[in-house]
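Novice: Sending over a structure as structure tokens; questions will come in a sec.
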Amino acid sequence: MDPRIPRLRRKLAAIPFQPLRSHSFGEEHHEFRLGPKLAEARVAAFEAEHDIDLPDAYRQFLTHIGGSGAAPFYGLIQLERCSLLVMNPREEPLAPRGFDDAEPGCHGRDLFLHIIEMGCTDVCVIAVTGPLTGRVLTGNSDGFWGPNVSSAADFLDWYERWLDHMSAGRDNRALELTSPQLRARPARYPPAPNI
């Protein structure tokens, strides 16, 4: 088991009780609760069905921490509901790229697994093949804004960054965190009068 696993469990358990933490968009949906851990056989069956190997850090999260729930945005999607995507080819230079469902047998292209629900057509994916394997990306399926590759080395580092930034009360647009200072109504802007 990855040595980061126990530390992530402790950090996640403490988050809801920290009064000066950041607000995480979508936290009302998952309430910082995780679904049950997944059995190795269940993960292996998913991999066999889709002819992929899940990145190790993501796989370790699923089998040692939880199979769904608490994560940035609306939370981690149950593995059976995750879909394989491919990045759209670039139509014009510097144009943003979206994502499409992967067709069966399209293993000649880089594959991404949609793992976190962001809402609308925004997606949070993890690369399962290609040079970005193991890295987390956020983007828009329709290409309204281009993919953003996280600088975190793998899923566990990305997840821990979310917990650390939230615990420290930081703003982080990429993780949709809002600090307590931004959430507070500034005194110089009194509330509108009741009419």
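Residue-wise test of (1) touching a Leu at 6+ places or on another chain (Cβ under 7 Å); (2) within 27 Å of ARG109 (Cα to Cα).
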{"position": "GLY35", "(1), (2)": "no, no"}
{"position": "ASP51", "(1), (2)": "no, yes"}
{"position": "LEU54", "(1), (2)": "no, yes"}
{"position": "ALA70", "(1), (2)": "yes, no"}
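Novice: Is there a residue in segment 71-90 that is under 13 Å from the mean Cα position of the chain (by Cα), at pLDDT below 90 and farther than 20 Å from LEU156 by Cβ?
Specialist: No, because not a single residue in segment 71-90 is under 13 Å from the mean Cα position of the chain (by Cα), at pLDDT below 90 and farther than 20 Å from LEU156 by Cβ.
Novice: Of the residues GLU31, GLU27, GLU49, GLU40, which is open to solvent by less than 30 Å² (accessible area, probe 1.4 Å) and of a type in the set (Asp, Glu)? Reasoning before the result, please.
Specialist: Working: GLU31 fails: open to solvent by less than 30 Å² (accessible area, probe 1.4 Å); GLU49 fails: open to solvent by less than 30 Å² (accessible area, probe 1.4 Å); GLU40 fails: open to solvent by less than 30 Å² (accessible area, probe 1.4 Å).
Of GLU31, GLU27, GLU49, GLU40, the one residue that is open to solvent by less than 30 Å² (accessible area, probe 1.4 Å) and of a type in the set (Asp, Glu) is GLU27.
Residues checked against (1) out of contact with any strand residue (DSSP E or B) (no Cβ under 9 Å at 6 or more places or on another chain); (2) closer than 21 Å to ILE126 by Cα; (3) among the charged types (D, E, K, R):
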| site | (1), (2), (3) |
| --- | --- |
| ARG4 | yes, yes, yes |
| PHE17 | yes, no, no |
| HIS30 | no, yes, no |
| VAL43 | yes, yes, no |
| ASP56 | yes, yes, yes |
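Novice: Would you check if there is a residue in segment 34-42 being in contact (Cβ under 8 Å) with a residue 60 or more places away in the chain, of a type outside the set (Phe, Trp, Tyr) and over 17 Å from TRP158 (Cα atoms)?
Specialist: Of segment 34-42, the ones in contact (Cβ under 8 Å) with a residue 60 or more places away in the chain are none.
No, segment 34-42 contains no residue that is in contact (Cβ under 8 Å) with a residue 60 or more places away in the chain, of a type outside the set (Phe, Trp, Tyr) and over 17 Å from TRP158 (Cα atoms).
Novice: Could you tell me how many of the residues in segment 134-183 are within 22 Å of ASP100 (Cβ to Cβ) and open to solvent by less than 70 Å² (accessible area, probe 1.4 Å)? Steps first, answer last, please.
Specialist: We begin by selecting, within segment 134-183, every residue within 22 Å of ASP100 (Cβ to Cβ); these are 134-150.
If we keep only those that are open to solvent by less than 70 Å² (accessible area, probe 1.4 Å) too, we end up with 134-141, 143, 146-147, 149-150.
Residues in segment 134-183 being within 22 Å of ASP100 (Cβ to Cβ) and open to solvent by less than 70 Å² (accessible area, probe 1.4 Å): 13 in total.
Novice: Where in segment 44-161 are the strands (runs of 3 or more DSSP E), entirely inside, with at least 2 residues that are under 28 Å from ARG10 (Cβ atoms) and in contact (Cβ under 8 Å) with a residue 12 or more places away in the chain? Outline the logic, then answer.
Specialist: Numbers: elements: 83-87, 99-101, 111-117, 122-127, 136-140.
It comes to 111-117, 122-127, 136-140.
Novice: Quick one: count up the residues across segment 100-133 that are open to solvent by less than 10 Å² (accessible area, probe 1.4 Å) and either modelled with pLDDT under 95 or within 18 Å of ARG173 (Cα to Cα) (or both).
Specialist: Looking only at that region, the number is 5.
The values are calculated or read from the model by the stated rules, or taken from the named source; none is laboratory data. This one's a predicted model, so the numbers in the text were calculated from it and none came from an experiment. Cβ: placed from backbone, ideal geometry, glycine included. Neighbour counts: every protein chain shown. Side chains included, ligands, DNA and RNA excluded: accessible areas come from the protein's heavy atoms. Shrake-Rupley method; radii C 1.70, N 1.55, O 1.52, S 1.80 Å.
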